[in-house]
Structure formats: structure tokens, C-alpha cells
1. If you wrap a convex hull around the Cα atoms of the stretch 166-273, how much volume per residue is inside, in Å³?
2. Could you tell me the calculated FRET efficiency between residue 349 and residue 485, based on Cβ-Cβ distance and R0 = 41 angstrom, to the nearest 0.05?
3. Starting at the first residue of the stretch 333-350, write each ³J(HN,Hα) from the Karplus equation 6.51 cos²θ - 1.76 cosθ + 1.60 with θ = phi - 60°, in whole Hz, x for Gly and Pro.
4. With just the Cα atoms defining each centre, how far is the stretch 412-435 from the stretch 192-254? Give it in Å.
5. P(r) for the chain: what percent of alpha-carbon pairs falls in each 20 Å bin, starting at zero?
6. Per residue, how many Å² of accessible area does the stretch 320-366 show with a 1.4 Å probe?
7. Measuring from a point 7 Å past the Cα of residue 423 along Cα-to-C-beta, which residues in the stretch 430-463 have an amide N at less than 16 Å?
8. Return one whole number: the accessible area per residue of the stretch 1-122 in Å², for a 1.4 Å probe.
Amino acid sequence: MTDRKILLDDYLPPSHDIEEVALEFDLHPNKTRVRSRIVFKRARGGDLRLDGKELTLISARIDGQPIEVNPDKEGITLRADDLPERFVWEAEVEIDPGSNTSLEGLYISNGMYCTQCEAEGFRKITYYPDRPDVMAPFSVRISGDEPVMLSNGNPVARGKGWVEWQDPWPKPSYLFALVAGDLLAHSDRFTTASGRDVELNIYVRKPDIDKCAYAMDSLKRSMKWDEEEYGREYDLDLFNIVAVDDFNMGAMENKGLNIFNSSLVLASPQTATDQNYEGIESVIAHEYFHNWTGNRVTCRDWFQLCLKEGLTVFRDQSFGMDMREPNVNRIKDVMVLRAAQFPEDAGPLAHPPRPNAYVEINNFYTATVYEKGAEVVGMLRRLVGPAQYRAALDLYFDRHDGQACTIEDWLQVFEDATGRDLSQFKLWYTSAGTPELGVAEAWDGKGSYTLTLNQKTPPTPDEAEKAPRLIPVAVGLLYPDGSEAVETRVLELTKPVESFR
Ligand code: SER
Ligand code: ZN
């Protein structure tokens, strides 16, 4: 591992865009061959860096001509001078999924081939600009003896021992997935609001086939909820979920082929607790919701991780509140925040939801990025109100569909949809620490009530002095009998101390 620090300020747009990607896999437990054909087009220009790790390069061509390349330990640099404006890169590599114990790239879990590419696992499959701001449509041909062989998108052709998949939606490499093994499907269908008939499958091992019903039911409710609450429809003919025993993360939102840790899919009344059911419902929803918040609109770079994760956690929490008892769910979510995120923010690893430096991105899948990221979205919704929140989200999907975005893009749609200046609010994304809110109230006995709010954020290792945040505070007044005296409204604390009468 290198310990080179990667800085947000050093971001440069990609040197080249990709028009299309075709991959061919010849599956073998220890000698899988991967052939890639990638159409590159000059963008910013300059040398083209192809990331690649633990790959054995067999051959490489540019526009059909064999070329000599000397990979270093982390990839290949193609010199700008040697590259036409537009060209086809072809490579054949060999990889060893059977010996891959990192659970990144292509590996074998209990005899089944499976992949994990977020954040930087695709570079263990082939040479590629493995960064989220390079998006392309993929076609994938898989050859092998496995009874089920899956990839992203829709299946377009198959024969004995091979199958071809096409994903029409441009995506970054971290959303690539391949699964192959002896699996059975628990199947169902869903008709979208505009009438698209979608086939749904949950693939598991034979003994688990009776444990998929709750996950399937959760999936259908998630699809419906996203249509009703966010106007987001599913966009392929097929949605596949696969349960895998060895999986680094809880689950992964690969386009059209979500891969789950089996503990978050399988449940039967004999073995599962209420908490297991709730966990399945919320993670199924989370990964499904990523189809729009993560996949159709993705992140420009990994500093922006909370753009997809904070928003998607906020969406899965809102779904949970609609499916269950909202106040109980909210209390549980806050308990998780206080148990996991507050200590993180108060300790040596404190970082903002949008950090500005990292050494290893895998260490930033944190409670701050996920749970605090979700709270910040909820605060934004509180600040602008539900109608303007929905208008801003509509604008976000309209404006940024098919793009790789930043927190600045996200806040800009709220500024444009509401006419507000959110520069102070942005501190929630860029500055670490947990503000403490103080409240003092005074009633003059005659009809005037004054609420004085103050805020203070303790220092964090990266920042000694904290500027005041914009904190929306919802306030209502009740009579002693519990009936409403003053309707709930949102006060905006912007200074260290402020009084509201
Ligand atoms: N992107 C994955 C998720 O949040 C990784 O954990 O669902
Ligand atoms: Zn997620």
C-alpha cells in the first residue's frame, strides 16, 4: 500500500472519455481471462492513466496494432504523444479469482464467482481509468460452465456456455458487477408507473430459496415508494439481487445487479428476529434507491461519497418511517447517530462529511459520511420545507442525470430551486465537529415569549476555531393540556447567539 495523500484540491477532470466498453470473461477459478475493448476519446488531454493491480497482461493493442507496454505495480501510463484523438484500446489479462482473498475485484465465495468494485476494485479486473467521473455503457460476454452467469443491465443473447449482457446506462467502473454460480432465483414482477414490466429476481443457493420472500416484498415496496415520493422509476427490464456469504460491505448497488451479504437478504420466521426483518427492509431499500442517487447521478470523485451515501441513507430512513412507526424509527436512527457518529466527531478521526484529503478511501465509509450525511440532508429539507425540497430534487435529477457530481452541484440545485444562499449551510459538509445547541426561554407573563438559542462547536484535530453554522430549529408552543398554542415553525440560527420573540 502506498501512503500518498490524495487531495480534493488536486482534482483534475479525466484526460479521456470513454464512448463504450466491451468485456469478455472466460471464467476459470485460477486463470480467468478478461478481454477488454474500450473506445477512448480525448477530453482534457494529456497522458492516459489506466489503473490495474494484480493483473497479468497477456497482450495490448491500440487501433488493432499490438503495442509494447510496461505496467508498473498500479497500472499503465499511455503517453499523450502516442494517442490519436479517438482510439480503441484492447487488452487481454489473466486474473486469479480463486486466490483473491481481498474481496475486491473478482473473487470466489463458496464456489461462486462474484465481484466488489466500490471503491477501487475494478482495477483488479482489467486496466481501466478506475475513477467515478469516467462513465460509459458496458457490454459483457461471460463464458463458462456455471448454470447462472449475470452482469449489469439486460441479457441480450445466450448460447451453450455463454451469455451476453448490455447495460445501456453509462456508469462508472465501481458499479460493474459479475456473478456466476449454481444459483436459484426467487422471482416476481413489478410494473412501473409508466407501465414498464420489470422482472425481479433474488438469486441464492438452493437451501436458501425459501428465505427470500421478505426481501422481495421489501424490494417491491421500495420501487413503489421511490415513484411516489421522488418520482423515480426503475429503468431496466430486469432487477437482480444476489446473496453472497463473503462480502466486505453490507451490500452493493451495482447497476441492475445488487450484491448483498446474505445476512441482509435471507430470513425465515423460524430464525429471524424483528430486527433482522427491519435490517433487510432498510438495506434492500437503500441499495434500490441508489439506482437514482448514486448510479444515474454519481460522484465526481470519492471525496463526494456522501453525495450518494448521505442522500441515500436519508431516503432509506424516510422510507422506514413511512413503512413503520415514524417516531420510533426516528428515535432509533438518532440513537445510531449518537452511538456511532458523535464519538467519531469527538475523536482523533473526526472528519467532515465531505473530507478534503484521504490516504485510503476504504477508511472513509464512516458514520460521518453515511449517518451525518443523512442528517445534513434532513436538515436541508427542514430548512426549505418539503415542497421546495421536492422541487430541488426534481431539478437535481433533471440537470444531473448521467453526470458525476459534487456537493457544490447538490447545493446549487437547492439555491436555484429556492432562491436561497446556502454558503453558510455548506459548512455542514466541509467542517467536522458536533455543534452544541443551548436553549434559554423567557416568558414575560403578558404575552411575549423569547427563545434565546446559542451554538458552540468544540474544536476538531483539523480545525481549532469553528465558524457558526446555519441551524434550523423547529419550534412550536403547546398549552398545558397539550393542544397547540403556536403552530410549529422553523427558526434559523445563524450566529453564536440569537433571540427570537
Ligand atoms: N455503496 C455501498 C452502500 O452504501 C457500500 O457500502 O450501499
Ligand atoms: Zn449506500
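The values are calculated or read from the model by the stated rules, or taken from the named source; none is laboratory data. Computed from a prediction, not measured in an experiment: that's the story for all the values here. Virtual Cβ from ideal backbone geometry, glycine too; neighbours counted across all protein chains shown. Each accessible area value is taken on the protein alone, full model and side chains, heavy atoms only, with ligands, DNA and RNA left out. Shrake-Rupley method; radii C 1.70, N 1.55, O 1.52, S 1.80 Å.
1. It comes to 125 Å³ per residue, whole-number rounded.
2. Efficiency computed from Cβ-Cβ geometry: 0.40.
3. 5, 5, 4, 5, 4, 5, 6, 10, 8, 4, x, 4, 5, 9, x, x, 9, 3
4. Using only Cα atoms, the two centres lie 33 Å from each other.
5. Pairs per bin, as whole percents: 21, 52, 23, 4, 0.
6. Working: 2630 Å² over 47 residues.
Accessible area per residue: 56 Å².
7. 430
8. Working: 6300 Å² over 122 residues.
I get 52 Å² per residue for the stretch 1-122.
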